[in-house]
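Chemist: Have a look at this one.
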Amino acid sequence: MMVRASLSRSGKKSQRRGWTNGFGYKGVSIEFVQVYLLSTNERLAAVTHLDQWMAGGALTHCIGHVSSFEDIAQAHEVQDSGKVIGNIVLDLEKESESV
């Protein structure tokens with residue numbers, strides 16, 4: 001699922017295929033889309049925009065924990081703890097921190 005937030009002075013909602021009726025407040029709207037309902041061209045355009053935002057620093061990932069693949073059990077424990085905010089990443093090139 002993808003989320004789109006926009007500022008709309010007109011108050012008109014998007015009627016693009018795949019987008020659900022979101023919600024809005026004071027001209028800001030948030031809408032959700034099932035990416036599987038988008039055409040190949042629409043999906044490519046969305047990925048291109050996301051890449052541009054990432055390259056420009058407008059969109060970043062919050063990485064909460066990084067583990068090596070060998071420490072995958074630790075990564076599961078971190079996830080189950082609920083104490084980490086952000087993505088839990090398995091780094092396939094990172095050396096194990098276990099002894």
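The values are calculated or read from the model by the stated rules, or taken from the named source; none is laboratory data. Everything quoted here is computed from the prediction, not taken from an experiment. Note that we place each Cβ from the backbone using ideal geometry, even for glycine, and neighbour counts take in every protein chain shown.
Chemist: Looking at the range 74-85 only, could you name the residues that are of a type outside the set (S, T, N, Q) and exposed (fewer than 10 other Cβ atoms within 10 Å of the Cβ)?
Modeler: D80, G82, K83, I85
Chemist: Now a separate question. Just checking, which of D51, D71 is surrounded by 11 or more Cβ atoms within 10 Å (Cβ to Cβ) and in contact with a strand residue (DSSP E or B) (Cβ under 9 Å, 6 or more places away or on another chain)?
Modeler: After ruling out the rest, the residue left standing is D71.
Chemist: With I63, I88 as the choices, which residue is modelled with pLDDT of 90 or more, surrounded by fewer than 14 Cβ atoms within 10 Å (Cβ to Cβ) and among the hydrophobic types (A, V, I, L, M, F, W, C)?
Modeler: Being modelled with pLDDT of 90 or more, surrounded by fewer than 14 Cβ atoms within 10 Å (Cβ to Cβ) and among the hydrophobic types (A, V, I, L, M, F, W, C) holds for just one of I63, I88, which is I63.
Chemist: Might you let me know whether the range 31-44 holds any residue that is in a loop (DSSP other than H, G, I, E, B), of a type outside the set (G, A, S), modelled with pLDDT under 85 and loosely packed, with under 14 Cβ neighbours inside 10 Å?
Modeler: Checked the range 31-44: at least one residue is in a loop (DSSP other than H, G, I, E, B), of a type outside the set (G, A, S), modelled with pLDDT under 85 and loosely packed, with under 14 Cβ neighbours inside 10 Å.
Chemist: Quickly run through the range 45-78 and pick out the residues that are among the aliphatic types (A, V, I, L, M), in a loop (DSSP other than H, G, I, E, B) and under 23 Å from I88 (Cβ atoms).
Modeler: Passing the criteria: only L59.
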